[in-house]
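A short write-up of the structure that comes next.
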Amino acid sequence: MFTSLKRFGIISGLSATLLLAACGGAEDDASNEDNKNSSDNADVKYGEEMNYAITGIEPGAGVFQAAEKAVEEYGLDGWEVQASSSGAMATALGEAYENEEPIIVTGWSPHWKFAKYDLKYLEDPKEVFGGEETIHTMVREGLEDDLPEAYAVLDNFEWAAEDLEEVMLEITDGANPKEAASEWIEANEDKVAEWTEGVDEVSGDKIELVYVEWDTEIGSTNVIGTVLENIGYDVTITPLDNAVMWEAVATGEADGMVAAWLPGTHGELFEQYQDELVDLGGNLEGAKIGLVVPSYMNIDSIEDLDIK
Ligand code: PBE
């Protein structure tokens, strides 16, 4: 399923986007070439057309809070980051894209939207959105003693942006998240074997992972949850709000999560809870957040947004 040429093309395209996004310098060069007169951009008045609204996601998300900070720091008077959900943001983006209308969304990578649409991050010279991030795995204190096999698997869990993108694309194309996870696991036995190497099977021990219904986390949590199920765990995955997810692991109500974006996006939550949970380190490198627009928009930087 993942090997069809079309899909391969989409995934390679996405990887290139991430690569460019990851090396800010290269991206800058490319967009400057596309848009020789960046001073032209200053004349483009998108604000009114967009009702001075940035299409946000859940207000508890780090990227939402960073977007509000950006409005402040760039002096975008009159602009508002509208609370929504990740799903509604994606729908709004798809609709605007179809009609070639301007839209600004709070975006992140890895994400399937870069494979489906031609998009770009707005430059962020004040670095309000931070740089490249790593997604960490966090577990509750005591998990190593209570469920050593699960602890080992969660500790070993590590994959590439391209892996998660494959799962996300399947889900956005209509696959049930659990089925997409199982398919990815079947197609990537070698990778999964590294996570479960030397780990004994268990018989029905209960484990609860928490996550937020962001596309990235739906994909990753379903994959690691299914891997744990395959070695014999009785796995529950529970969607929560961002802050509640952190709190649940810190208080030991939940066993773990694979959704901690650091150092920037969830930096404050990490600071708040770091003494009460166990950081198992990165499970994915090269993640990123920012303001994302369709490439057909004649604007390159947050600084170029017109104020009311
Ligand atoms: N996200 C996806 C999250 C982290 C993962 C970028 C929407 C956030 O902003 O908190």
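For the reader, a short list of remarks on this structure follows.
- Residue 260 vs. criteria out of contact with any Phe, Trp or Tyr (no Cβ under 6 Å at 6 or more places or on another chain), outside any helix (DSSP H, G or I) and either of a type outside the set (Phe, Trp, Tyr) or farther than 24 Å from residue 148 by Cα (or both): yes
- Single unsatisfied condition, residue 227 versus (1) of a type in the set (A, V, I, L, M); (2) closer than 29 Å to residue 116 by Cβ; (3) part of a helix (DSSP H, G or I); (4) within 16 Å of the ligand (Cβ to nearest atom): (4)
- Qualifying residue in the stretch 284-294 (condition: part of a strand (DSSP E or B) and among the basic types (Lys, Arg)): yes
- Looking only at the stretch 93-115, and only at residues there that are in a loop (DSSP other than H, G, I, E, B) and more than 16 Å from the ligand (Cβ to nearest atom), the one that is surrounded by the most Cβ atoms within 10 Å (Cβ to Cβ): 103
- Considering the conditions (1) open to solvent by 40 Å² or more (accessible area, probe 1.4 Å); (2) touching a residue at least 40 places away in the same chain (Cβ under 8 Å), residue 59 is excluded by exactly one of them, (2).
- Any hit, the stretch 123-131, residues being surrounded by 18 or more Cβ atoms within 10 Å (Cβ to Cβ), more than 15 Å from the ligand (Cβ to nearest atom) and not hydroxyl-bearing (Ser, Thr, Tyr): yes
- Failed criterion for residue 230 (all others in (1) of a type outside the set (A, V, I, L, M); (2) out of contact with any strand residue (DSSP E or B) (no Cβ under 9 Å at 6 or more places or on another chain); (3) under 30 Å from residue 73 (Cβ atoms) hold): (3)
- If the condition is being touching a Lys or Arg at 6+ places or on another chain (Cβ under 9 Å) and closer than 23 Å to residue 286 by Cβ, then the stretch 93-113 contributes 93, 105, 107, 108, 109, 110.
- Residue selected from the stretch 223-278 under the condition open to solvent by 10 Å² or more (accessible area, probe 1.4 Å) and polar (S, T, N, Q), by the criterion farthest from residue 138 (Cα to Cα): 230
- Selected residue (only one of 281, 232 is touching a His at 6+ places or on another chain (Cβ under 8 Å) and either assigned to a strand (DSSP E or B) or not polar (S, T, N, Q) (or both)): 281
- Residue in the stretch 239-249 that is within 16 Å of the ligand (Cβ to nearest atom), in contact (Cβ under 8 Å) with a residue 40 or more places away in the chain and not in a helix (DSSP H, G or I) present: yes
- Lone unmet requirement of (1) more than 23 Å from residue 152 (Cβ to Cβ); (2) hydroxyl-bearing (Ser, Thr, Tyr); (3) open to solvent by less than 40 Å² (accessible area, probe 1.4 Å); (4) away from the ligand (no atom under 16 Å from the Cβ) for residue 296: (3)
- Pairs linking a residue in the stretch 69-95 that is free of Cβ contacts under 8 Å to residues at least 24 places away in the same chain to a residue that is surrounded by 14 or more Cβ atoms within 10 Å (Cβ to Cβ), with Cβ atoms under 7 Å and 6 or more positions apart or on different chains, are 71/79; 71/81.
- Whichever residue in the stretch 116-136 is outside any loop (DSSP other than H, G, I, E, B) and out of contact with any Phe, Trp or Tyr (no Cβ under 6 Å at 6 or more places or on another chain) and, among such residues, is farthest from residue 303 (Cα to Cα): 136
- Residue 266 fulfils the conditions (1) closer than 22 Å to residue 114 by Cβ; (2) more than 16 Å from the ligand (Cβ to nearest atom) except for a single criterion, (2).
The values are calculated or read from the model by the stated rules, or taken from the named source; none is laboratory data. Because the structure is a prediction, the values reported are computed rather than measured. Glycine gets a Cβ as well: all are built from the backbone with ideal geometry, and neighbour counts include every protein chain shown. Heads up: the accessible areas ignore ligands, DNA and RNA and are worked out on the full protein's heavy atoms, side chains in. Shrake-Rupley method; radii C 1.70, N 1.55, O 1.52, S 1.80 Å.
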